[in-house]
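So the structure is just underneath, and the comments pick up after that.
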Amino acid sequence: MPATEYQGSFLSRISIRRNQVVSMDGNHEQELEELEIFQKNISERFSDLISDDSSSSSNSASSSEPFLSIAWVRKLLDVFLCCEAEFKAVLIMGRDPSLISKPPLDRLIPELFDRAVKALDICNAVMHGIDSVRQCQKLAEIAAASLEQRPLGEGQARRAKKALAGLLSAMGIDETSGGHKSAERSWSFGRRGGGGGGVSVTKDRGSGQSRASTWGVPKNWSAAKQIQVMSANLVAPRGAEASGLAMPVYIMSIVTVFVMWALIAAIPCQERTGLATHFQVPRQLGWAQSMVWLHEKIGEELKKKEKKGASPVGLLEEIQKMEKLGQSLLEFSDGFQYPVPEEKLDEAAAQVADLTETCRRMEDGLVPLQHQIREVFHRIVRSRTEVLDVLDHAGKSSAPSV
Amino acid sequence: MEDGESTATDHEVQNHLAAAAKHIMMALKACRNLTDDTKKVLSDLNSCLPNKLILGECGGWLLIDSEEQIKHYGEVIMRWETELGMIWDHGDTEASSYLNAVTEIQKIVKTIGSHPMLLSNGKQKELSLRAHHILQRAMSKLKQELMHILIQHKQCFAPEYMSFRSHVEDAVYDESFISVEEDVIESLSSGDDSGSSSDKCLVNLIHPKAISSIKSIASVMFASEDDKEFCRSFVNIRKDALEEYLAILRMEQLTMEDTLKMDQNALSCEGKKWVWALRIIIRVYLRSERCFCDQILGEFGRVSPNRIFIEIAGSAMWQFINFGEAIAMGTPQPERLFLVLDMYEVLADLMLDIDSLFNEETGSRIGIEFHELLSRLADYAKGSFSEFRNCVVSDRPRKPFSSGIHRFTNYTMNYLKTLITYRETLNFLLHDLGADGLDCSPEPENGEEISSYVSCPLAQHARLLASLLQENLENRSKFLKGEPMQHIFLMNNINYMVQKIKDSELRQYFGDEWIRRLIGNLHRHANDYIRTTWSSALLLLKDHVELDVSPFHRPSHRSRCNKFIAAFEEIYKSQTGWVVPDSQLREDLHISTSQKVIQAYRGFIGRNFAQIGDQYIRYNGDELENLVLDFFEGSTRSLGSSRRR
């Protein structure tokens, strides 16, 4: 996992930093320098996410991860984990613990925790979102497998058509309250809490999609709303505060909100309406330039999708590709009539190969991505506990207890 | 045997034909290009063939029967396309004839598939496509049948597993400071044990008679490489069933944020549900689910029942894990200790089941996450325990209090009693928790048998807590006015501690020696009470006092008697209002007051009866002794001034 590859580098940086801190304790200039290094690292890490390739906005083959692909999102999470580790080093290591229990941090830290807890819920929702992507992947695999058969007859085409219709409707119904016509009749029982006696036929589940798909968060939870709340009280520190610890807290908050925002944009998630406008990266700050660029880029994509009227599926490159290929192959199977002209068959075969390849990338990437999101989850929990411990000690150091 | 030469010769001929055909086929395979002549010979052969056989252009044979077969079996299958209703609802014969038809078509498809060269024949190709088409319809139908069967034969849990739900709703921990009721906690802990007796069983989540139907559908769908479709439907339906079951258990989907912000009562309630539901879900439901998956999918190597099981159970498990994580993230609080211990115990108890259900081969992190959660809950429990200790050390009175049993003593002792019910778990958890200050708990004296109870970590911590409570009470008593009242307060509370310890399991953990010391303390305070209350009054009754005072200032016996009675009335007025709830203690105090004070008074009166004069003796010894009985009854009285003089 890339996460572990990074591990070495940032750990060594931390130990260097710690030596610096210890040797020059209490030196304000040293603090400023540290802050500068922190900002520089943030800036560099995020600029790594912009490949030359995507900045020229072409999608040709490149050694680096395609923008918004699974691999790219995993890199984004690595960046988050690195920034987070470094942030904690800046905040805690070698510091006088009482510093973080005094103004302005006594206010900023609880706010940071608030955002952290919301980020945890986002992680859970996104974990679930990946589950629903895997559902789609399975449907795509079924479709691809039937369209790969030769000779290709109506039977296979029909089967593919069903799977693809299910796939597209699953992509649509996952985030709206329904309303999309499902392509297939499916069976279900009475709604939740009914005790489960009665059997009834309902049409509200796209191609046997599990009702359990709203799991991970309660039904009224909104991902977009979380982002809105997380960024609502984000104010850049001014004056003297700007050179103190308030700054890294602010930076880390921006990083957290940005990464969570990007995750929600990329991966299907409950209720994302208005996501494009709910969060802005401050433009005037040097360290945030790459983030500003990425934010714009993702925001454009979101708006493009929203304009199309359809509620946006995740922007994840693989999902987009699956959607596009799915639509095209659905058309193909829908109008399927034996015999099919050779060139049309070849065209479809190429798309099927593409779809199979996309499924393979999902198969390889989604589970590690889930694991990594869980890693982010645990990291956030751990850091919160560590900072709380420091606060606790700071509180108790004045009044020692048994 | 006898039925004929004809059969025998027919056989012979067929054998010859088969052998010849094999030669021809082998030759055809070996040779790349056919000359026109050869083609002609073969095509002649083709026309010579009886209608039973058709020779493909490239050579290869297919029974022409297949066309009829496809037609026949196709009808069986397609009939259900127009018919409403479910095949399996129409009985086993219908179902097996349908399955048979599907299997036959599959055979044909397979035969055609294994001879790709046949497909270049237009007729064969068409047959093949038709067979595929029919098969596709059949698969689609079977998927619906599968879902129908899974839903229709789904079984709910036997109610016995549900029976201990009532505990959840009634039983909410209430060991907060506000609670003075003593037995709230004890009544709760019994709820946990009732679950463990019958819960190791497996249940049928699907009616057993449906198993074979599901398996037969699985086997034909798998034969058509439709395993993905099968599994998808299977997983979705079973996942819904699990979700529905969780709804019956009233498990709610909560965000981390909600959980962290929950108040104590709501949290206790959710936590109790968690404990209760997790046990049923893991031990009964999921183990049964796992068996069901194995039963259905175990025979097909292509799909791992493990993986299917994880897909069904995964999101429900995350729900449990995340609630636990949210609890463990909270600030450790004494009020949450028992809830977290319940959670810890149930999880620790289920760990073997969890390990076998979610082993690492499945590539799922759920097992690992549960292990991590267990250790986080352990940390949280330790943290909460330390918080409790801090609280015992540092709790200060926030409002005025009386000399009676303080709520804090009540709370702490009930807390200690509840701790004992978690003996094994706490001994394990507290084992490495620093018990600084433990030296203050006495080693049992030589000769006394040291029981394992007395020496276990929990016992050491309990004694430390009791000592800390005593210190706290000593400090607290300083807030009361006057030494006598302070001593009464301490006696009341120490006596309460002694009773709590003696009357409960705590006794074994404290040991007799420790209890004797506590009682010794009680006696010390009793003596101090008498001394600080009566010493100045008793001084008046002492004859030798006269020696120290010059004869001119020597008060008369009469005046000393009056002064003593005045002092007695004063004390009477205040101390009848004090409370000593324990009747034994109250009686003891009355007795020792009588012994020390009334005896002295009697002696004084007896010795100086003449000097005082009968009419000046307002109370004789018996009267005063009766008045002493009014002490500590909690209702302030005064001796009417009318009786004076």
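Using 7 Å Cα-to-Cβ label points, what is the residue A:327/residue B:607 separation (nm, one decimal)?
It is 11.5 nm.
How many Cβ atoms of partner chains, on average, are near each residue of B:232-245 if near means within 10 Å of its Cβ? Please list the in-between numbers first.
Numbers: counts 11, 5, 1, 5, 12, 6, 2, 5, 11, 3, 2, 7, 10, 1.
Counting Cβ atoms of other protein chains within 10 Å of each residue's Cβ and averaging gives 6.
Just the number, please: Stokes-Einstein D of region A:59-171 in µm²/s, Kirkwood Rh from C-alpha pairs, 25 °C, 0.890 mPa s.
On the way: Rh = 18.7 Å.
Rounded to a whole number, D works out at 132 µm²/s.
Would you mind classifying region A:275-355 by shape? Square roots of the alpha carbon gyration tensor eigenvalues, ordered a ≥ b ≥ c; an a/c under 1.5 is rounded, otherwise it is prolate if a/b is larger than b/c and oblate if not. Please list the in-between numbers first.
Working: a/c = 5.33, a/b = 2.87, b/c = 1.85.
Prolate shape, in that a/c is at least 1.5 and a/b is the bigger ratio.
Students often get this wrong: which residues of region B:461-476 have the backbone nitrogen under 17 Å from the point 7 angstrom along Cα-to-C-beta of residue B:535?
Once the point is set 7 Å along Cα→Cβ of residue B:535, nothing inside region B:461-476 turns out to lie under 17 Å by backbone N.
Taking neighbour Cβ counts within 10 Å as the exposure measure, how do A:158, A:134 sort from fewest upward?
Working: A:158 19, A:134 15.
Fewest to most other Cβ atoms nearby, the residues stand as A:134, A:158.
For region B:509-514, what does the Karplus curve 6.51 cos²θ - 1.76 cosθ + 1.60, with θ = phi - 60°, yield as ³J(HN,Hα) per residue in whole Hz, taken in order and with x for Gly and Pro?
7, 8, x, 5, 4, 5
Need the list of lysines near residue A:304 for cross-linking: C-alpha distance under 17 angstrom, and skip anything on the same chain fewer than eight residues off.
Hits, sequence-local ones excluded: A:321, A:324.
Distance from the Cα centre of region A:347-393 to that of region A:216-285, in angstrom?
Region A:347-393 and region A:216-285 have Cα centres spaced 19 Å from each other.
Go through region B:592-604 residue by residue and turn each phi into a ³J(HN,Hα) via Karplus (6.51, -1.76, 1.60, θ = phi - 60°); whole Hz please, and just put x for glycine and proline.
These are the phi-based 3J(HN,Hα) values: 5, 5, 4, 4, 7, 9, 5, 4, 4, 5, 4, x, 4 Hz.
Amide H to amide H, which residues 5 or more places from residue B:206 or on other chains are under 5 Å from it, using H placed in the peptide plane?
Amide H neighbours of residue B:206: B:155.
Given the options A:294, A:268, A:245, identify the residue whose Cα lies farthest towards the positive end of the charge dipole of region A:235-346 (+1 on Cβ of Lys, Arg; -1 on Cβ of Asp, Glu).
A:245
Quick one: putting +1 on the C-beta of Lys and Arg, -1 on the C-beta of Asp and Glu, what dipole do you get for region B:328-392 around its Cα centre, in Debye to the nearest 20?
Details: 5 positive and 12 negative charges, 79 e Å.
For this selection, approximately 380 debye.
Toward the positive end of the charge dipole of region B:252-346, about the Cα centre and with charges on Cβ (Lys, Arg +1; Asp, Glu -1), which of B:291, B:256, B:333 goes farthest?
Farthest along the dipole direction, towards plus: B:291.
Using only atoms on other chains, find how many Cβ atoms lie within 10 Å of each Cβ of peptide B:123-136 and report the average.
Working: counts 0, 0, 4, 3, 0, 3, 8, 3, 2, 11, 8, 1, 3, 10.
So the per-residue partner count for this stretch is 4.
For the pairs A:138/B:239; A:161/B:239; A:138/A:305; B:215/B:239; A:162/B:228, note any where the Cα-Cα span goes beyond 21 Å.
Working: A:138/B:239 16 Å; A:161/B:239 25 Å; A:138/A:305 24 Å; B:215/B:239 19 Å; A:162/B:228 14 Å.
Violating the 21 Å Cα-Cα cut-off are A:161/B:239; A:138/A:305.
Could you name the lysines in cross-link range of residue B:40, using Cα to Cα under 23 Å and dropping any fewer than eight places away on the same chain?
Straight-distance partners of residue B:40: B:22, B:29, B:52, B:123.
Output the pairs from B:563/B:596; A:307/B:261; B:272/B:382 with a Cα-Cα distance over 29 Å in this structure; if there are none, say none. Intermediate values should be presented prior to the final figure.
Numbers: B:563/B:596 18 Å; A:307/B:261 38 Å; B:272/B:382 20 Å.
A:307/B:261, as the Cα separations exceed 29 Å there.
When the label point is put 7 Å from the Cα of residue B:294 along its Cα-to-beta-carbon vector, which residues of region B:349-366 have a backbone N closer than 14 Å?
Residues B:353-359 qualify, since their backbone N sits under 14 Å from the label point.
Throughout, read-outs are computed from the coordinates displayed, never taken from laboratory work. Owing to the predicted nature of the structure, the values given are computational and were not obtained by experimental measurement. Reconstructed Cβ throughout: ideal geometry from the backbone, glycine too, with neighbour counts over all protein chains shown.
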